[in-house]
DNA sequence: TAATATAATTACCGGTGAGTATCATGCGGC
DNA sequence: GCCGCATGATACTCACCGGTAATTATATTA
(Lines give C-alpha, C1' and ligand atoms only; values in the text may rest on other atoms or scores of the structure.)
Protein backbone atom coordinates (compact mmCIF):
# COMPACT_ATOMS: atom_id res chain seq x y z
CA UNK A 1 0.00 0.00 0.00
CA UNK A 2 1.82 3.07 -1.27
CA UNK A 3 -0.21 5.48 0.81
CA UNK A 4 0.73 4.12 4.15
CA UNK A 5 2.67 6.82 5.97
CA UNK A 6 6.17 6.06 7.04
CA UNK A 7 6.48 2.94 4.98
CA UNK A 8 8.76 4.40 2.37
CA UNK A 9 12.16 3.26 1.39
CA UNK A 10 13.93 5.14 4.12
CA UNK A 11 14.92 2.94 6.99
CA UNK A 12 12.93 4.11 9.95
CA UNK A 13 13.80 2.84 13.36
CA UNK A 14 10.64 1.94 15.18
CA UNK A 15 11.83 3.71 18.28
CA UNK A 16 12.47 6.95 16.44
CA UNK A 17 9.04 6.76 14.93
CA UNK A 18 7.49 6.23 18.33
CA UNK A 19 9.43 9.07 19.87
CA UNK A 20 8.43 11.44 17.11
CA UNK A 21 4.82 10.42 17.44
CA UNK A 22 4.57 10.93 21.18
CA UNK A 23 6.39 14.20 20.97
CA UNK A 24 4.11 15.53 18.28
CA UNK A 25 0.72 14.42 19.50
CA UNK A 26 1.26 15.38 23.12
CA UNK A 27 -0.10 13.31 25.93
CA UNK A 28 -3.76 14.15 26.41
CA UNK A 29 -5.02 12.87 23.10
CA UNK A 30 -6.51 9.40 23.28
CA UNK A 31 -4.44 8.59 20.22
CA UNK A 32 -1.24 9.33 22.02
CA UNK A 33 -1.69 5.84 23.41
CA UNK A 34 1.54 5.45 25.41
CA UNK A 35 2.66 2.98 22.83
CA UNK A 36 2.62 0.17 25.30
CA UNK A 37 6.10 -1.10 24.74
CA UNK A 38 4.96 -4.65 25.00
CA UNK A 39 7.84 -6.45 26.58
CA UNK A 40 6.83 -9.48 24.59
CA UNK A 41 7.91 -7.80 21.43
CA UNK A 42 11.41 -7.07 22.58
CA UNK A 43 11.83 -10.59 23.86
CA UNK A 44 10.91 -11.91 20.47
CA UNK A 45 13.17 -9.48 18.73
CA UNK A 46 16.03 -10.56 20.94
CA UNK A 47 15.27 -14.15 20.08
CA UNK A 48 15.59 -13.28 16.41
CA UNK A 49 18.97 -11.68 16.99
CA UNK A 50 20.28 -14.48 19.16
CA UNK A 51 19.11 -17.24 16.86
CA UNK A 52 20.56 -15.38 13.94
CA UNK A 53 23.89 -15.02 15.73
CA UNK A 54 24.06 -18.75 16.30
CA UNK A 55 23.08 -19.54 12.74
CA UNK A 56 25.62 -17.07 11.37
CA UNK A 57 28.26 -18.65 13.57
CA UNK A 58 27.60 -22.07 12.15
CA UNK A 59 26.85 -21.41 8.51
CA UNK A 60 27.93 -17.86 7.94
CA UNK A 61 25.96 -14.74 7.19
CA UNK A 62 25.56 -15.25 3.48
CA UNK A 63 24.82 -18.92 3.80
CA UNK A 64 21.96 -18.28 6.17
CA UNK A 65 18.80 -17.18 4.44
CA UNK A 66 15.99 -15.45 6.21
CA UNK A 67 13.87 -18.48 5.48
CA UNK A 68 16.41 -20.59 7.34
CA UNK A 69 16.33 -18.21 10.25
CA UNK A 70 12.56 -18.12 10.28
CA UNK A 71 12.42 -21.90 10.23
CA UNK A 72 14.76 -22.05 13.22
CA UNK A 73 12.33 -19.82 15.06
CA UNK A 74 9.32 -21.76 13.93
CA UNK A 75 7.80 -18.90 11.98
CA UNK A 76 7.80 -17.69 8.41
CA UNK A 77 9.99 -15.11 6.83
CA UNK A 78 7.62 -12.13 6.71
CA UNK A 79 7.17 -12.49 10.43
CA UNK A 80 10.78 -11.52 10.89
CA UNK A 81 10.03 -8.21 9.29
CA UNK A 82 7.82 -7.34 12.22
CA UNK A 83 10.91 -7.13 14.36
CA UNK A 84 13.68 -5.97 12.08
CA UNK A 85 13.73 -3.86 8.99
CA UNK A 86 16.03 -6.05 6.96
CA UNK A 87 18.71 -8.68 7.13
CA UNK A 88 21.45 -6.14 7.45
CA UNK A 89 19.95 -4.83 10.64
CA UNK A 90 20.10 -8.30 12.11
CA UNK A 91 23.79 -8.50 11.44
CA UNK A 92 24.28 -5.05 12.84
CA UNK A 93 22.49 -5.95 16.05
CA UNK A 94 24.61 -9.08 16.42
CA UNK A 95 27.68 -6.95 16.00
CA UNK A 96 26.53 -4.36 18.44
CA UNK A 97 25.37 -6.81 21.08
CA UNK A 98 28.74 -8.48 21.16
CA UNK A 99 30.72 -5.29 21.15
CA UNK A 100 28.54 -3.85 23.90
CA UNK A 101 29.59 -6.66 26.20
CA UNK A 102 33.17 -5.56 25.83
CA UNK A 103 32.33 -1.90 26.14
CA UNK A 104 30.44 -2.62 29.34
CA UNK A 105 33.60 -4.19 30.72
CA UNK A 106 35.52 -1.16 29.65
CA UNK A 107 33.18 1.21 31.44
CA UNK A 108 33.28 -1.03 34.49
CA UNK A 109 37.03 -0.79 34.46
CA UNK A 110 36.95 2.96 34.08
CA UNK A 111 34.74 3.25 37.14
CA UNK A 112 37.20 1.28 39.22
CA UNK A 113 40.20 2.73 41.00
CA UNK A 114 42.18 -0.48 41.10
CA UNK A 115 45.63 -0.58 39.55
CA UNK A 116 45.50 -0.45 35.77
CA UNK A 117 46.78 -3.97 35.54
CA UNK A 118 43.77 -5.29 37.40
CA UNK A 119 41.40 -3.14 35.40
CA UNK A 120 42.96 -4.45 32.23
CA UNK A 121 42.60 -7.99 33.49
CA UNK A 122 38.93 -7.36 34.02
CA UNK A 123 38.46 -6.05 30.52
CA UNK A 124 40.38 -8.95 29.05
CA UNK A 125 38.18 -11.40 30.90
CA UNK A 126 35.07 -9.66 29.65
CA UNK A 127 36.55 -9.58 26.18
CA UNK A 128 37.26 -13.28 26.19
CA UNK A 129 33.78 -14.00 27.50
CA UNK A 130 32.23 -11.92 24.74
CA UNK A 131 34.28 -13.54 22.02
CA UNK A 132 33.33 -17.01 23.16
CA UNK A 133 29.68 -16.05 23.48
CA UNK A 134 27.08 -16.55 20.80
CA UNK A 135 27.85 -13.16 19.39
CA UNK A 136 31.56 -13.72 19.19
CA UNK A 137 31.48 -14.77 15.59
CA UNK A 138 29.79 -11.62 14.40
CA UNK A 139 32.41 -9.48 16.04
CA UNK A 140 35.30 -11.32 14.52
CA UNK A 141 34.26 -12.89 11.28
CA UNK A 142 31.42 -10.83 9.98
CA UNK A 143 32.73 -7.99 7.98
CA UNK A 144 31.86 -4.41 7.52
CA UNK A 145 31.71 -5.26 3.86
CA UNK A 146 28.23 -6.57 4.40
CA UNK A 147 27.05 -3.42 6.13
CA UNK A 148 25.85 -0.16 4.68
CA UNK A 149 28.04 2.86 5.00
CA UNK A 150 26.39 4.25 8.10
CA UNK A 151 26.18 0.96 9.92
CA UNK A 152 29.70 0.08 8.95
CA UNK A 153 30.87 3.41 10.31
CA UNK A 154 28.96 2.83 13.53
CA UNK A 155 30.61 -0.54 14.04
CA UNK A 156 33.97 0.89 13.23
CA UNK A 157 33.46 3.56 15.86
CA UNK A 158 32.61 0.97 18.48
CA UNK A 159 35.64 -1.10 17.58
CA UNK A 160 37.82 1.96 17.74
CA UNK A 161 36.46 2.80 21.15
CA UNK A 162 37.49 -0.62 22.38
CA UNK A 163 40.91 -0.31 20.84
CA UNK A 164 41.45 3.07 22.40
CA UNK A 165 40.25 1.74 25.72
CA UNK A 166 42.82 -1.01 25.67
CA UNK A 167 45.58 1.41 24.80
CA UNK A 168 44.48 3.78 27.53
CA UNK A 169 44.60 1.02 30.11
CA UNK A 170 48.02 -0.05 28.94
CA UNK A 171 49.33 3.50 29.18
CA UNK A 172 47.74 3.91 32.58
CA UNK A 173 49.41 0.72 33.69
CA UNK A 174 52.76 1.94 32.53
CA UNK A 175 52.05 5.16 34.35
CA UNK A 176 51.15 3.66 37.70
CA UNK A 177 53.80 1.03 37.38
CA UNK A 178 51.46 -1.94 37.43
CA UNK A 179 52.24 -2.88 33.85
CA UNK A 180 55.65 -3.29 32.28
CA UNK A 181 55.71 -4.05 28.60
CA UNK A 182 58.56 -3.89 26.16
CA UNK A 183 56.61 -2.52 23.22
CA UNK A 184 54.43 0.47 22.62
CA UNK A 185 50.79 0.36 23.72
CA UNK A 186 49.46 0.57 20.18
CA UNK A 187 51.14 -2.58 18.98
CA UNK A 188 50.45 -4.31 22.26
CA UNK A 189 46.76 -3.49 22.01
CA UNK A 190 46.67 -4.87 18.49
CA UNK A 191 48.36 -8.06 19.56
CA UNK A 192 46.15 -8.48 22.59
CA UNK A 193 42.98 -7.83 20.63
CA UNK A 194 44.18 -10.23 17.96
CA UNK A 195 44.90 -12.99 20.42
CA UNK A 196 41.49 -12.52 22.00
CA UNK A 197 39.61 -12.27 18.72
CA UNK A 198 41.26 -15.41 17.45
CA UNK A 199 39.59 -17.29 20.27
CA UNK A 200 36.50 -17.05 18.14
CA UNK A 201 38.17 -19.42 15.73
CA UNK A 202 39.51 -22.09 18.01
CA UNK A 203 37.62 -21.86 21.24
CA UNK A 204 34.74 -24.27 21.46
CA UNK A 205 32.31 -24.76 24.30
CA UNK A 206 33.63 -27.50 26.51
CA UNK A 207 37.21 -26.46 26.01
CA UNK A 208 39.55 -27.55 28.76
CA UNK A 209 40.15 -23.94 29.74
CA UNK A 210 37.39 -21.54 30.65
CA UNK A 211 37.39 -18.22 28.87
CA UNK A 212 38.52 -16.62 32.12
CA UNK A 213 41.47 -18.97 32.29
CA UNK A 214 42.46 -18.18 28.75
CA UNK A 215 42.17 -14.48 29.55
CA UNK A 216 44.40 -14.99 32.55
CA UNK A 217 46.84 -16.91 30.40
CA UNK A 218 47.02 -14.10 27.89
CA UNK A 219 47.70 -11.60 30.63
CA UNK A 220 50.61 -13.69 31.79
CA UNK A 221 51.77 -14.16 28.25
CA UNK A 222 51.84 -10.48 27.55
CA UNK A 223 53.94 -9.86 30.55
CA UNK A 224 51.21 -8.19 32.54
CA UNK A 225 50.04 -11.21 34.48
CA UNK A 226 50.55 -12.04 38.14
CA UNK A 227 53.21 -14.64 37.39
CA UNK A 228 55.63 -12.20 35.85
CA UNK A 229 58.64 -11.55 37.93
CA UNK A 230 59.19 -8.17 36.38
CA UNK A 231 56.10 -7.08 38.20
CA UNK A 232 57.06 -8.25 41.63
CA UNK A 233 59.63 -5.64 42.29
CA UNK A 234 57.82 -2.75 40.73
CA UNK A 235 54.69 -2.78 42.74
CA UNK A 236 53.80 -4.74 45.79
CA UNK A 237 51.48 -7.59 46.43
CA UNK A 238 48.26 -5.68 46.17
CA UNK A 239 47.75 -6.93 42.68
CA UNK A 240 45.07 -9.32 43.81
CA UNK A 241 42.81 -6.70 45.29
CA UNK A 242 40.41 -6.00 42.47
CA UNK A 243 40.61 -9.55 41.37
CA UNK A 244 38.65 -10.86 44.32
CA UNK A 245 36.82 -7.72 45.22
CA UNK A 246 33.09 -7.88 44.99
CA UNK A 247 33.03 -8.26 41.21
CA UNK A 248 30.26 -10.52 40.22
CA UNK A 249 31.82 -12.33 37.30
CA UNK B 1 29.51 -31.97 -22.36
CA UNK B 2 28.89 -35.15 -20.47
CA UNK B 3 31.11 -37.22 -22.70
CA UNK B 4 34.35 -35.43 -22.18
CA UNK B 5 36.57 -37.62 -20.07
CA UNK B 6 37.66 -36.24 -16.79
CA UNK B 7 35.23 -33.38 -16.76
CA UNK B 8 32.90 -34.84 -14.23
CA UNK B 9 31.92 -33.30 -10.97
CA UNK B 10 35.06 -34.43 -9.23
CA UNK B 11 37.60 -31.70 -8.94
CA UNK B 12 40.73 -32.78 -10.67
CA UNK B 13 43.92 -30.89 -10.20
CA UNK B 14 45.38 -30.17 -13.55
CA UNK B 15 48.84 -31.07 -12.41
CA UNK B 16 47.76 -34.45 -11.13
CA UNK B 17 46.01 -35.12 -14.37
CA UNK B 18 49.08 -34.22 -16.33
CA UNK B 19 51.30 -36.34 -14.19
CA UNK B 20 49.02 -39.34 -14.49
CA UNK B 21 48.75 -38.94 -18.21
CA UNK B 22 52.42 -38.62 -18.91
CA UNK B 23 53.18 -41.52 -16.65
CA UNK B 24 50.71 -43.72 -18.46
CA UNK B 25 51.47 -42.87 -22.05
CA UNK B 26 55.21 -42.77 -21.70
CA UNK B 27 57.32 -40.33 -23.57
CA UNK B 28 57.77 -41.56 -27.12
CA UNK B 29 54.20 -41.41 -28.24
CA UNK B 30 53.36 -38.25 -30.17
CA UNK B 31 50.22 -38.07 -28.02
CA UNK B 32 52.22 -37.92 -24.88
CA UNK B 33 53.52 -34.46 -25.57
CA UNK B 34 50.27 -32.59 -26.21
CA UNK B 35 50.47 -31.71 -22.56
CA UNK B 36 52.28 -28.67 -23.83
CA UNK B 37 52.10 -27.27 -20.38
CA UNK B 38 51.60 -23.99 -22.03
CA UNK B 39 53.03 -21.70 -19.47
CA UNK B 40 50.59 -19.11 -20.73
CA UNK B 41 47.73 -20.99 -19.23
CA UNK B 42 49.14 -21.14 -15.74
CA UNK B 43 50.02 -17.50 -15.86
CA UNK B 44 46.45 -16.67 -16.72
CA UNK B 45 45.11 -18.95 -14.07
CA UNK B 46 47.33 -17.31 -11.51
CA UNK B 47 46.04 -13.94 -12.61
CA UNK B 48 42.53 -15.14 -11.98
CA UNK B 49 43.44 -16.24 -8.48
CA UNK B 50 45.35 -13.10 -7.65
CA UNK B 51 42.72 -10.75 -8.99
CA UNK B 52 40.10 -12.70 -7.12
CA UNK B 53 42.08 -12.46 -3.91
CA UNK B 54 42.26 -8.71 -4.21
CA UNK B 55 38.58 -8.41 -5.03
CA UNK B 56 37.64 -10.66 -2.13
CA UNK B 57 39.78 -8.58 0.14
CA UNK B 58 37.97 -5.41 -0.81
CA UNK B 59 34.40 -6.51 -1.20
CA UNK B 60 34.26 -9.94 0.32
CA UNK B 61 33.77 -13.34 -1.22
CA UNK B 62 30.01 -13.29 -1.46
CA UNK B 63 29.88 -9.72 -2.63
CA UNK B 64 32.16 -10.46 -5.55
CA UNK B 65 30.42 -12.11 -8.46
CA UNK B 66 32.22 -13.97 -11.17
CA UNK B 67 31.04 -11.33 -13.57
CA UNK B 68 32.78 -8.73 -11.43
CA UNK B 69 35.91 -10.80 -11.43
CA UNK B 70 35.75 -11.36 -15.16
CA UNK B 71 35.28 -7.63 -15.73
CA UNK B 72 38.36 -6.91 -13.64
CA UNK B 73 40.28 -9.23 -15.89
CA UNK B 74 38.79 -7.81 -19.07
CA UNK B 75 37.11 -11.05 -20.11
CA UNK B 76 33.71 -12.61 -19.70
CA UNK B 77 32.56 -15.05 -17.11
CA UNK B 78 32.60 -18.26 -19.16
CA UNK B 79 36.23 -17.61 -19.89
CA UNK B 80 37.01 -18.04 -16.22
CA UNK B 81 35.68 -21.55 -16.41
CA UNK B 82 38.51 -22.44 -18.72
CA UNK B 83 40.87 -22.02 -15.81
CA UNK B 84 38.91 -23.00 -12.77
CA UNK B 85 36.06 -25.41 -12.24
CA UNK B 86 33.96 -23.16 -10.06
CA UNK B 87 34.00 -20.22 -7.72
CA UNK B 88 34.72 -22.36 -4.72
CA UNK B 89 37.95 -23.52 -6.27
CA UNK B 90 39.05 -19.92 -6.63
CA UNK B 91 38.55 -19.34 -2.94
CA UNK B 92 40.34 -22.55 -2.15
CA UNK B 93 43.33 -21.54 -4.23
CA UNK B 94 43.46 -18.17 -2.53
CA UNK B 95 43.44 -19.95 0.79
CA UNK B 96 46.07 -22.39 -0.22
CA UNK B 97 48.36 -19.85 -1.82
CA UNK B 98 48.43 -17.79 1.32
CA UNK B 99 48.88 -20.71 3.65
CA UNK B 100 51.64 -22.09 1.47
CA UNK B 101 53.68 -18.96 2.05
CA UNK B 102 53.63 -19.65 5.74
CA UNK B 103 54.29 -23.33 5.29
CA UNK B 104 57.28 -22.50 3.14
CA UNK B 105 58.64 -20.42 6.00
CA UNK B 106 58.03 -23.31 8.32
CA UNK B 107 59.96 -25.72 6.14
CA UNK B 108 62.72 -23.20 5.78
CA UNK B 109 62.92 -22.98 9.54
CA UNK B 110 62.96 -26.72 9.89
CA UNK B 111 65.89 -26.95 7.52
CA UNK B 112 67.89 -24.52 9.61
CA UNK B 113 69.97 -25.40 12.60
CA UNK B 114 69.81 -21.97 14.19
CA UNK B 115 68.48 -21.62 17.71
CA UNK B 116 64.75 -22.15 17.87
CA UNK B 117 64.16 -18.51 18.72
CA UNK B 118 65.66 -17.41 15.43
CA UNK B 119 63.81 -20.04 13.51
CA UNK B 120 60.60 -18.90 15.12
CA UNK B 121 61.44 -15.31 14.28
CA UNK B 122 61.83 -16.31 10.66
CA UNK B 123 58.47 -18.04 10.60
CA UNK B 124 56.80 -15.10 12.28
CA UNK B 125 58.23 -12.75 9.70
CA UNK B 126 57.02 -14.99 6.90
CA UNK B 127 53.68 -15.26 8.59
CA UNK B 128 53.31 -11.50 8.88
CA UNK B 129 54.34 -11.07 5.27
CA UNK B 130 51.76 -13.60 4.15
CA UNK B 131 48.99 -12.04 6.18
CA UNK B 132 49.68 -8.62 4.76
CA UNK B 133 49.94 -9.96 1.24
CA UNK B 134 47.11 -10.06 -1.24
CA UNK B 135 46.12 -13.45 0.01
CA UNK B 136 46.05 -12.48 3.65
CA UNK B 137 42.38 -11.80 3.69
CA UNK B 138 41.43 -15.21 2.44
CA UNK B 139 43.41 -16.89 5.17
CA UNK B 140 41.88 -14.87 7.93
CA UNK B 141 38.45 -13.73 6.93
CA UNK B 142 37.21 -16.24 4.43
CA UNK B 143 35.65 -19.11 6.21
CA UNK B 144 35.55 -22.81 5.80
CA UNK B 145 31.80 -22.37 5.79
CA UNK B 146 32.02 -21.43 2.15
CA UNK B 147 34.01 -24.50 1.23
CA UNK B 148 32.86 -28.00 0.54
CA UNK B 149 33.63 -30.68 3.04
CA UNK B 150 36.76 -31.94 1.35
CA UNK B 151 38.22 -28.54 0.65
CA UNK B 152 37.34 -27.36 4.12
CA UNK B 153 39.12 -30.37 5.54
CA UNK B 154 42.14 -29.69 3.37
CA UNK B 155 42.36 -26.12 4.57
CA UNK B 156 41.92 -27.22 8.14
CA UNK B 157 44.77 -29.64 7.74
CA UNK B 158 47.06 -26.93 6.42
CA UNK B 159 46.11 -24.62 9.25
CA UNK B 160 46.72 -27.35 11.76
CA UNK B 161 50.12 -27.99 10.26
CA UNK B 162 51.02 -24.38 10.81
CA UNK B 163 49.72 -24.42 14.33
CA UNK B 164 51.66 -27.55 15.16
CA UNK B 165 54.75 -26.02 13.60
CA UNK B 166 54.53 -23.01 15.83
CA UNK B 167 54.10 -25.17 18.91
CA UNK B 168 57.01 -27.33 17.89
CA UNK B 169 59.26 -24.32 17.52
CA UNK B 170 58.16 -22.99 20.87
CA UNK B 171 58.88 -26.29 22.54
CA UNK B 172 62.20 -26.52 20.80
CA UNK B 173 63.03 -23.05 22.03
CA UNK B 174 62.21 -23.98 25.56
CA UNK B 175 64.36 -27.03 25.10
CA UNK B 176 67.44 -25.30 23.78
CA UNK B 177 66.99 -22.38 26.15
CA UNK B 178 66.57 -19.74 23.49
CA UNK B 179 62.93 -19.12 24.40
CA UNK B 180 61.54 -18.45 27.85
CA UNK B 181 57.79 -18.13 28.06
CA UNK B 182 55.55 -18.26 31.09
CA UNK B 183 52.68 -20.16 29.49
CA UNK B 184 52.32 -23.44 27.72
CA UNK B 185 53.19 -23.62 24.03
CA UNK B 186 49.65 -24.38 22.97
CA UNK B 187 48.18 -21.21 24.35
CA UNK B 188 51.19 -19.22 23.25
CA UNK B 189 50.83 -20.48 19.72
CA UNK B 190 47.18 -19.53 19.68
CA UNK B 191 47.94 -16.05 20.93
CA UNK B 192 50.79 -15.58 18.49
CA UNK B 193 48.74 -16.80 15.56
CA UNK B 194 45.88 -14.60 16.65
CA UNK B 195 48.03 -11.50 16.90
CA UNK B 196 49.46 -12.21 13.46
CA UNK B 197 46.15 -13.03 11.85
CA UNK B 198 44.62 -9.89 13.22
CA UNK B 199 47.09 -7.93 11.17
CA UNK B 200 44.85 -8.76 8.25
CA UNK B 201 42.26 -6.48 9.82
CA UNK B 202 44.27 -3.44 10.68
CA UNK B 203 47.40 -3.53 8.61
CA UNK B 204 47.21 -1.47 5.46
CA UNK B 205 49.83 -0.98 2.83
CA UNK B 206 51.75 2.15 3.66
CA UNK B 207 51.58 1.49 7.38
CA UNK B 208 54.30 3.15 9.39
CA UNK B 209 55.72 -0.23 10.31
CA UNK B 210 56.75 -2.83 7.78
CA UNK B 211 55.39 -6.30 8.29
CA UNK B 212 58.85 -7.38 9.37
CA UNK B 213 58.91 -4.72 12.02
CA UNK B 214 55.55 -5.76 13.32
CA UNK B 215 56.74 -9.34 13.41
CA UNK B 216 59.79 -8.25 15.34
CA UNK B 217 57.58 -6.32 17.72
CA UNK B 218 55.43 -9.34 18.37
CA UNK B 219 58.48 -11.43 19.13
CA UNK B 220 59.52 -8.89 21.71
CA UNK B 221 56.02 -8.68 23.05
CA UNK B 222 55.77 -12.37 23.56
CA UNK B 223 58.94 -12.42 25.51
CA UNK B 224 60.91 -14.21 22.86
CA UNK B 225 62.41 -11.15 21.22
CA UNK B 226 65.95 -9.85 21.29
CA UNK B 227 65.12 -7.44 24.07
CA UNK B 228 64.38 -10.22 26.50
CA UNK B 229 67.01 -10.64 29.11
CA UNK B 230 66.88 -14.38 28.60
CA UNK B 231 68.66 -13.75 25.34
CA UNK B 232 71.81 -11.95 26.12
CA UNK B 233 73.96 -12.88 23.18
CA UNK B 234 73.17 -11.43 19.79
CA UNK B 235 73.61 -14.83 18.31
CA UNK B 236 71.43 -14.26 15.34
CA UNK B 237 73.94 -13.43 12.67
CA UNK B 238 71.98 -15.09 9.94
CA UNK B 239 68.47 -14.09 10.71
CA UNK B 240 68.60 -11.22 8.30
CA UNK B 241 69.32 -13.29 5.24
CA UNK B 242 65.81 -14.11 4.20
CA UNK B 243 64.37 -10.95 5.53
CA UNK B 244 64.45 -8.82 2.44
CA UNK B 245 62.79 -11.25 0.11
CA UNK B 246 59.23 -11.18 -0.92
CA UNK B 247 57.75 -7.96 0.27
CA UNK B 248 56.81 -5.32 -2.17
CA UNK B 249 55.25 -2.64 -0.04
C1' DT C 1 -19.87 -8.01 20.22
C1' DA C 2 -17.85 -4.60 17.28
C1' DA C 3 -13.61 -2.13 16.52
C1' DT C 4 -8.90 -2.10 16.26
C1' DA C 5 -4.20 -3.10 16.54
C1' DT C 6 -0.91 -6.64 16.29
C1' DA C 7 0.95 -10.97 14.64
C1' DA C 8 1.60 -14.19 11.47
C1' DT C 9 0.57 -16.46 6.83
C1' DT C 10 0.29 -17.40 1.82
C1' DA C 11 1.74 -16.17 -2.41
C1' DC C 12 4.34 -13.59 -5.07
C1' DC C 13 8.04 -10.20 -7.45
C1' DG C 14 12.39 -8.67 -9.03
C1' DG C 15 16.98 -9.24 -9.18
C1' DT C 16 21.08 -11.65 -9.12
C1' DG C 17 24.45 -14.82 -9.77
C1' DA C 18 26.52 -19.47 -10.58
C1' DG C 19 27.00 -22.35 -14.08
C1' DT C 20 26.14 -24.06 -19.20
C1' DA C 21 25.11 -24.83 -24.25
C1' DT C 22 26.56 -23.20 -28.25
C1' DC C 23 28.96 -20.76 -31.60
C1' DA C 24 33.22 -18.01 -33.39
C1' DT C 25 38.05 -17.35 -33.97
C1' DG C 26 43.07 -18.05 -34.06
C1' DC C 27 46.78 -21.27 -34.64
C1' DG C 28 49.97 -25.18 -35.21
C1' DG C 29 50.64 -29.37 -37.65
C1' DC C 30 49.46 -32.54 -41.59
C1' DG D 1 43.11 -26.17 -47.08
C1' DC D 2 41.78 -28.87 -43.26
C1' DC D 3 41.70 -30.85 -38.62
C1' DG D 4 42.18 -30.49 -33.71
C1' DC D 5 42.63 -27.76 -30.01
C1' DA D 6 42.64 -23.84 -27.16
C1' DT D 7 40.44 -19.77 -26.21
C1' DG D 8 36.94 -16.65 -26.02
C1' DA D 9 32.09 -14.50 -26.52
C1' DT D 10 26.82 -14.51 -26.67
C1' DA D 11 22.95 -15.79 -24.77
C1' DC D 12 20.73 -18.49 -21.84
C1' DT D 13 18.87 -21.56 -17.56
C1' DC D 14 17.72 -22.14 -13.18
C1' DA D 15 17.55 -21.67 -8.46
C1' DC D 16 17.70 -18.97 -4.69
C1' DC D 17 16.94 -15.13 -1.86
C1' DG D 18 15.64 -10.55 -0.01
C1' DG D 19 11.75 -8.17 0.32
C1' DT D 20 6.56 -7.02 -0.25
C1' DA D 21 1.40 -7.15 -0.90
C1' DA D 22 -2.67 -8.99 0.41
C1' DT D 23 -4.88 -11.73 3.64
C1' DT D 24 -6.14 -14.29 7.77
C1' DA D 25 -5.78 -15.22 12.81
C1' DT D 26 -5.39 -13.53 17.56
C1' DA D 27 -5.87 -10.59 21.24
C1' DT D 28 -7.16 -6.37 23.56
C1' DT D 29 -10.39 -2.91 24.63
C1' DA D 30 -14.67 -0.21 24.55
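Listed values, structure above:
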read-out: Complete set of residues in segment B:151-166 that are buried (at least 18 other Cβ atoms within 10 Å of the Cβ) and farther than 15 Å from residue B:98 by Cβ; value: B:165, B:166
read-out: Helices (runs of 4 or more DSSP H) lying entirely in segment A:84-140 (those with 3 or more residues that are touching a residue at least 12 places away in the same chain (Cβ under 8 Å) and within 20 Å of residue A:180 (Cα to Cα)); value: A:116-131
read-out: Count of segment A:64-74 residues which are in contact with a helix residue (DSSP H, G or I) (Cβ under 9 Å, 6 or more places away or on another chain) and near DNA strand C (Cβ under 9 Å from one of its atoms); value: 3
read-out: Options B:162, B:174, B:179: the member that is in a helix (DSSP H, G or I), more than 11 Å from chain A (Cβ to nearest Cβ) and touching a helix residue (DSSP H, G or I) at 6+ places or on another chain (Cβ under 6 Å); value: B:162
read-out: Tally, over segment A:19-56, of residues that are modelled with pLDDT of 95 or more and more than 16 Å from DNA strand C (Cβ to nearest atom); value: 4
read-out: Test: residue B:214 is within 14 Å of chain A (Cβ to nearest Cβ), surrounded by 19 or more Cβ atoms within 10 Å (Cβ to Cβ) and at pLDDT below 85; value: no
read-out: Segment A:63-84, residues that are surrounded by 17 or more Cβ atoms within 10 Å (Cβ to Cβ) and within 11 Å of DNA strand D (Cβ to nearest atom); value: A:64, A:66, A:69, A:70, A:80, A:84
read-out: Considering residues of segment B:86-111 that are surrounded by fewer than 15 Cβ atoms within 10 Å (Cβ to Cβ) and over 15 Å from the mean Cα position of the chain (by Cα) only, the residue nearest to DNA strand C (Cβ to nearest atom); value: B:86
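The values are calculated or read from the model by the stated rules, or taken from the named source; none is laboratory data. Since the structure is predicted, the reported quantities are computational estimates derived from the model, not experimental observations. Here Cβ is always computed from backbone atoms with ideal geometry, including for glycine, and neighbour counts include all displayed protein chains.
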